[in-house]
Amino acid sequence: MASATQTALRAASAVEISEPFAADVLDGLSAKPKHLSPKYFYDTVGSALFERITQLPEYYPTRCELALLRAHAPAIASLFPQNCALVEFGAGSSKKARILFGAAATIEAYVPVDISGDFLQAEAAALRRDFPRLAVHPVVADFTRSFAVPPPVASLPRVGFFPGSTIGNFEPHEAAQFLRHAGTILGPSAVLVIGVDLVKDSKILCRAYNDSEGVTARFNLNLLARINRELGANFDLGAFEHHACYNSKLNRIEMHLASTRRQKVKVQGKALSFRAGETIHSENSYKYTVESFQALAQGSGWTPIAVWSDGQFSVHAVRKTEDSSPRTD
Ligand code: AVI
């Protein structure tokens, strides 16, 4: 059982944040075209829906990535320094990190960083039960912004972990920015293991984001439900539809919420007008080739050192190129 001191340390390492959710929503819905950031999908309901997406037959990325991690865990673990801290950006479910814990006895501490505090804390509790020797220090934060690594792990060498092809949800310039930011957080000589979905037949891609059970549609619509719940808005969820299509020029899946009729919606007292068919652009999911991702990494301060792929999905290991940027702690 955890001592009172351990419990207090764990509580202290879960840094609370306050997101400018209302301002982002009002800005995005007042813009032309209307848009919302996909980072707001992941409240408790959205995180649970995303977990269901990862189990859908049509949604291949999670299955492919898990198989790659399982098959290559020893090779991945061989790249880690002794007594390292694994920093997972946007942790959610720790299922993938668990594969690395099983293969890499060198991991002393785990720092899952996620905006969804409740989900993060529940996963952390389960991990402490299953890996009693692993120090788990969750950080509730927007992992794209600066955050402090918890003091108990500050002196350990760091390995970054960014699975799930979440990098694909960034615009390419944001992806480069994130890679640079990860380099600053992780420090000199760090290794980063990153999952990246690959460009492929558009039919496979479209099916993955238009599943037959409608879970992805509910995940997308939950964004409006969340705005209703948290910002007192009055979106009629029956008057918006989930749209997802592949943009082959930009190599990205685009998700939209389309207004089925002309309507007005109030968000925090502000009236917003929608034309029939007008959409809120809610997510891009960029797909890369192995080469295009390696070029992105190389231009963002990382040297590719290994890649594992099944032709559908890729897991890259990259090492920080320059040692000059200081750690942020
Ligand atoms: C988290 N991210 C990588 C998922 C993706 O595939 O872009 C989010 C998602 N959106 C719809 N389905 C899954």
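What shape does segment 81-170 have by the C-alpha gyration tensor, where a ≥ b ≥ c are the square roots of the eigenvalues, rounded means a/c under 1.5, and otherwise prolate means a/b greater than b/c and oblate the rest? In terms of gyration-tensor shape, rounded. Once both labels are positioned 7 Å from their Cα atoms along Cα-to-Cβ, the gap between Ser273 and Arg70 label points is 5.5 nm. Name the aspartates and glutamates eligible as straight-distance cross-link partners of Lys249: C-alpha to C-alpha under 16 Å, and not fewer than 8 places from it in the same chain. Output for Lys249: Glu171, Asp201. With 32 Å as the limit on Cα-Cα distance, the pairs of Lys32/Lys96; Lys39/Lys203; Lys266/Lys287; Lys34/Lys95; Lys34/Lys287 that go past it are Lys32/Lys96; Lys266/Lys287; Lys34/Lys95.
First measure r as the distance between the Cβ atoms of Thr303 and Lys95, then evaluate 1/(1 + (r/R0)^6) with R0 = 25 Å and state the FRET efficiency to the nearest 0.05.
Numbers: r = 28 Å, r/R0 = 1.13.
About 0.30, to the nearest 0.05.
Entry note, segment 261-321: relative contact order of 20 percent, from Cα contacts under 8 Å with a spacing of 6+ residues. With contacts taken as Cα pairs under 8 Å at a separation of at least 6 residues, the chain carries a relative contact order of 21 percent.
Near the amide H of Val87, within less than 5 Å, lie the amide hydrogens of Val111, Val159, Gly160, Phe161, all on another chain or at least 5 residues away, with H placed in the peptide plane.
Could you work out [θ]222 nm for the chain from helices alone, using -39500 (n - 2.57) per DSSP H run of at least four and dividing by all its residues? Round to the nearest 500 deg cm²/dmol.
Numbers: 10 runs with 119 residues, N = 329.
Dividing the helical sum by the residues of the chain leaves -11000 deg cm²/dmol.
Counting only protein heavy atoms and a probe of 1.4 Å, the accessible surface of segment 229-299 is 47% carbon and sulfur.
Take the chain with all the other protein chains still there, run a 1.4 Å probe, and you get 43 Å² of accessible area per residue.
Checking the a/c ratio against 1.5 first, then a/b against b/c, what shape does the Cα gyration tensor give for segment 147-231? Don't jump to the answer; show the numbers that get you there.
Details: a/c = 2.75, a/b = 1.60, b/c = 1.72.
Taking the square roots of the gyration eigenvalues as a ≥ b ≥ c, segment 147-231 is oblate.
Across the options Thr216, Phe41, Ile305, the greatest Cα extent toward the positive end of the charge dipole of the chain (unit charges at beta carbon of Lys, Arg, Asp, Glu) belongs to Thr216. Rounded to the nearest 20 debye, the dipole magnitude of segment 240-329 is 680 debye, with +1 charges on Lys and Arg beta carbons, -1 on Asp and Glu beta carbons, and the Cα centre as origin.
The values are calculated or read from the model by the stated rules, or taken from the named source; none is laboratory data. Keep in mind that this is a model prediction, so the values were computed, not measured. Using ideal geometry, Cβ is built from the backbone for each residue, glycine included, and neighbour counts are taken over all protein chains shown. Note: areas computed on protein heavy atoms with side chains; ligands, DNA, RNA excluded. Shrake-Rupley method; radii C 1.70, N 1.55, O 1.52, S 1.80 Å.
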